[in-house]
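Novice: After the structure tokens below, expect a handful of questions from me.
The values are calculated or read from the model by the stated rules, or taken from the named source; none is laboratory data. On a predicted model such as this, the values are computed, not experimentally measured, just so you know. When we count neighbours, we look across all protein chains shown, and the Cβ atoms used for this are built from the backbone with ideal geometry, even at glycine.
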Amino acid sequence: MSLRTPPLGGTHADRGAKLTEFGGWEMPVEFDSIRTEHTAVRESVGKFDVSHMGEIEVSGPDATALMDRLTTNDVTALEAGDAQYAAITDEDGVMLDDTVVYRLPEGSDAEYLFVPNAGHDAETHDRWVEYADRWDLDVTVENATESYGMIAVQGPEAIDLLGGLCDSPGSVSRFTVEPRSVAGVACLLARTGYTGEDGVELLFDAADSRAVWSALECQPCGLGARDTLRLEAGFLLSGQDFDPETNPRNPYEAGIGFAVDLGTAFVGRDALAAVAETGPEEELVGFRLAERGIARHGYEIRADGAPVGTVTSGTMSPTLGEAIGLGYVPVEFADPGTEIGVVVRSETKPAVVEELPFY
Amino acid sequence: MSFKIPDDCRYRETHEWARDEDGSVRIGITDFAQDELGDIVFVELPSVDERIEQGEEFGVIESIKAVSDLYAPLSGEVLAVNDDLVDAPELVNDDPFDDGWMLEIEPTDETDLEELLSPEEYEAQTV
């Protein structure tokens with residue numbers, strides 16, 4: 001299978017980026033160094049090409065009903081220009097993906113746009129079409145992933161930077177989206193992101209990618225820094241911190257119960273209502289290693305001398321200078337301050353459960 | 001991008017270097033290797049007096065994004081370990097052939113060095 005390339009693929013290669021496969025796309029993993037890029041976002045501003053993220057447009061008289069029934073949050077609460085984080089679950093309440101749902105501003109081509117993770121766009125589109133047919137809903141669902149370019153501009157100086165390229169970006173509130181002309185390109189400017197910093201995500205016609213990217217004069221950042229930033233912020237990585245095949249988890253286990261509204265009738269609702277009643281048996285926790293070493297995906301977590309779980313994400317935190325990670329453990333080991341261990345190359349390193357986010 | 005490949009070192013295909021220093025031999029990883037790994041954050045090395053065996057793992061190096069085994073370019077007994085790497089593993093990024101050295105060993109057989117790649121052979125491999 002050949003890799004999908006973002007509209008900016010050639011630009012990144014010319015800039016000397018190291019490339020990697022992610023979700024079926026060939027994407028920049030590192031432009032300069034993960035540490036340099038990470039620090040730019042924490043202290044000033046950086047830009048990420050996130051065109052590998054999916055974009056699915058939903059329109060028609062029943063668009064709200066379909067969105068509400070296939071995502072865990074309350075879509076009926078969204079007004080035009082609002083954004084919302086949600087999970088997509090199956091009948092058993094198992095997370096298939098997580099996503100941000102945008103109810104687009106008045107005058108947009110579509111009513112809803114939502115952003116599944118890289119490589120999930122085709123299956124998610126098919127799921128929407130299949131359920132629309134099953135429920136006989138009057139909607140149009142389009143997989144517009146290839147038509148959109150998407151760039152995230154993140155960091156405490158992101159709004160200042162954009163202020164030189166478009167009108168009043170600071171007037172767009174957190175988790176809302178408004179149209180803006182950025183460097184002369186018609187964009188959707190969303191005050192969202194996945195780094196734990198202030199910033200925006202810009203969506204635009206893929207053909208305009210180069211104009212937007214080159215107008216944003218700041219540190220280019222790759223997926224490596226995106227991963228360390230999201231991990232410090234305690235955000236989930238689909239396919240790694242949860243995966244319907246290899247690590248099936250519900251939103252309560254994954255710590256995103258805030259994105260579930262049991263008052264809505266979505267697929268998986270009844271299964272999740274049962275989990276909510278008793279509480280999950282396991283929870284995703286953050287931990288920090290107390291000795292030198294780095295916890296990595298797949299390493300065993302131990303407590304009271306026995307294996308109790310598995311690391312789903314781990315790295316050396318560039319901001320904290322310490323090894324941090326995420327993993328699922330039984331709830332009795334999930335309280336902050338609990339002493340656990342992580343097996344690094346057959347040696348159990350002491351670690352302490354820590355409240356998320358790390359940063 | 002071109003990488004430093006000093007003439008006074010011999011090389012392993014797995015990107016370690018070895019340099020004769022009047023009988024003892026220093027060992028580290030190459031400029032190409034440190035660039036591939038990216039920000040190095042942890043190096044695990046044997047202790048003084050331990051033995052390493054040519055072609056076998058002698059330690060582990062971790063960058064933010066990856067874990068890699070280190071392979072011994074030749075056999076011998078460890079005379080010294082670069083303790084600076086404990087608190088400053090980034091020295092391997094900054095200066096892989098000098099301040100970022102890893103081990104100094106007493107080689108079992110110094111002629112083992114000749115089995116390693118010459119700078120020209122190593123360069124041909126990394127192009």
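Novice: Counting just the residues of segment B:1-18 that are in contact with an Asp or Glu (Cβ under 6 Å, 6 or more places away or on another chain) and more than 14 Å from every other protein chain (Cβ to nearest Cβ), which one comes out surrounded by the most Cβ atoms within 10 Å (Cβ to Cβ)?
Specialist: Step by step, filter segment B:1-18, then rank; the result is B:5.
Novice: Of these, A:62, A:90, A:97, A:82, which one is touching a His at 6+ places or on another chain (Cβ under 8 Å) and not assigned by TED's automatic domain parsing to the domain that holds residue A:187?
Specialist: Result: A:97 is the single residue among A:62, A:90, A:97, A:82 that is touching a His at 6+ places or on another chain (Cβ under 8 Å) and not assigned by TED's automatic domain parsing to the domain that holds residue A:187.
Novice: For segment A:261-293, what are the residues that are within 14 Å of chain B (Cβ to nearest Cβ) and surrounded by fewer than 20 Cβ atoms within 10 Å (Cβ to Cβ)?
Specialist: Residues satisfying the conditions are A:291, A:292.
Novice: Give me a count of the residues in segment A:217-244 that are assigned to a helix (DSSP H, G or I) and of a type outside the set (Asp, Glu).
Specialist: 8
Novice: May I pose another question? Residue A:209 fails exactly one of the following numbered conditions: (1) touching a Pro at 6+ places or on another chain (Cβ under 9 Å); (2) within 14 Å of another protein chain (Cβ to nearest Cβ); (3) not β-branched (Val, Ile, Thr). What is the number of that condition?
Specialist: (2)
Novice: Could we say that residue A:13 is within 14 Å of chain B (Cβ to nearest Cβ), free of Cβ contacts under 8 Å to residues at least 12 places away in the same chain and either within 28 Å of residue A:242 (Cα to Cα) or outside any strand (DSSP E or B) (or both) here?
Specialist: yes
Novice: Right, next: Would you check which residues across segment B:20-34 are over 13 Å from residue B:122 (Cβ atoms) and at pLDDT 95 or above and list them?
Specialist: Correct list: B:20, B:24, B:25, B:26, B:27, B:28, B:34.
Novice: Take the residues in segment B:48-66 that are in contact with a helix residue (DSSP H, G or I) (Cβ under 9 Å, 6 or more places away or on another chain) and assigned to a strand (DSSP E or B); name whichever of them is farthest from residue A:35 (Cα to Cα).
Specialist: B:61
Novice: Let me ask you something else. Residues being of a type outside the set (Val, Ile, Thr) and within 14 Å of another protein chain (Cβ to nearest Cβ): count how many of those fall in segment A:294-320.
Specialist: Result for segment A:294-320: 11.
Novice: For residues in segment B:67-90 being within 14 Å of chain A (Cβ to nearest Cβ) and in a strand (DSSP E or B), which is surrounded by the most Cβ atoms within 10 Å (Cβ to Cβ)?
Specialist: B:70
Novice: Identify the residue in segment A:178-201 that is buried (at least 24 other Cβ atoms within 10 Å of the Cβ) and within 15 Å of the chain's Cα centre (by Cα) and, among all such residues, is farthest from residue A:104 (Cα to Cα).
Specialist: A:195
Novice: Pairs, please: C-beta under 7 Å, at least 6 apart or cross-chain, first residue without any contact (Cβ under 8 Å) to a residue 40 or more places away in the chain and assigned to a helix (DSSP H, G or I) and in segment A:161-190, second surrounded by 13 or more Cβ atoms within 10 Å (Cβ to Cβ) and among the basic types (Lys, Arg)?
Specialist: A:169/A:180
Novice: Right, another one. Given the options B:99, B:112, name the one that is assigned to a loop (DSSP other than H, G, I, E, B), more than 14 Å from chain A (Cβ to nearest Cβ), surrounded by 14 or more Cβ atoms within 10 Å (Cβ to Cβ) and out of contact with any strand residue (DSSP E or B) (no Cβ under 7 Å at 6 or more places or on another chain).
Specialist: So the residue among B:99, B:112 that is assigned to a loop (DSSP other than H, G, I, E, B), more than 14 Å from chain A (Cβ to nearest Cβ), surrounded by 14 or more Cβ atoms within 10 Å (Cβ to Cβ) and out of contact with any strand residue (DSSP E or B) (no Cβ under 7 Å at 6 or more places or on another chain) is B:99.
Novice: Looking only at segment A:55-74, decide whether some residue is part of a loop (DSSP other than H, G, I, E, B), away from chain B (no Cβ under 14 Å) and in contact with a Pro (Cβ under 9 Å, 6 or more places away or on another chain).
Specialist: Yes, segment A:55-74 contains a residue that is part of a loop (DSSP other than H, G, I, E, B), away from chain B (no Cβ under 14 Å) and in contact with a Pro (Cβ under 9 Å, 6 or more places away or on another chain).
Novice: Considering only segment A:205-234, how many residues are closer than 21 Å to residue A:356 by Cα and touching a residue at least 60 places away in the same chain (Cβ under 8 Å)?
Specialist: Summing the residues that are closer than 21 Å to residue A:356 by Cα and touching a residue at least 60 places away in the same chain (Cβ under 8 Å) in segment A:205-234 gives 10.
Novice: Looking at segment A:28-54 only, could you name the residues that are more than 14 Å from chain B (Cβ to nearest Cβ) and aromatic (Phe, Trp, Tyr)?
Specialist: The answer is A:48, and nothing else.
Novice: Let me spell it out: the conditions are (1) more than 14 Å from chain A (Cβ to nearest Cβ); (2) under 25 Å from residue B:87 (Cβ atoms), and residue B:34 meets all of them except one. Which number is the exception?
Specialist: Every condition holds for residue B:34 apart from (1).
Novice: Out of the residues in segment A:28-49 meeting the condition of being touching an Asp or Glu at 6+ places or on another chain (Cβ under 7 Å) and not charged (D, E, K, R), tell me which one is nearest to residue B:64 (Cα to Cα).
Specialist: Across segment A:28-49, the extreme among qualifying residues is A:34.
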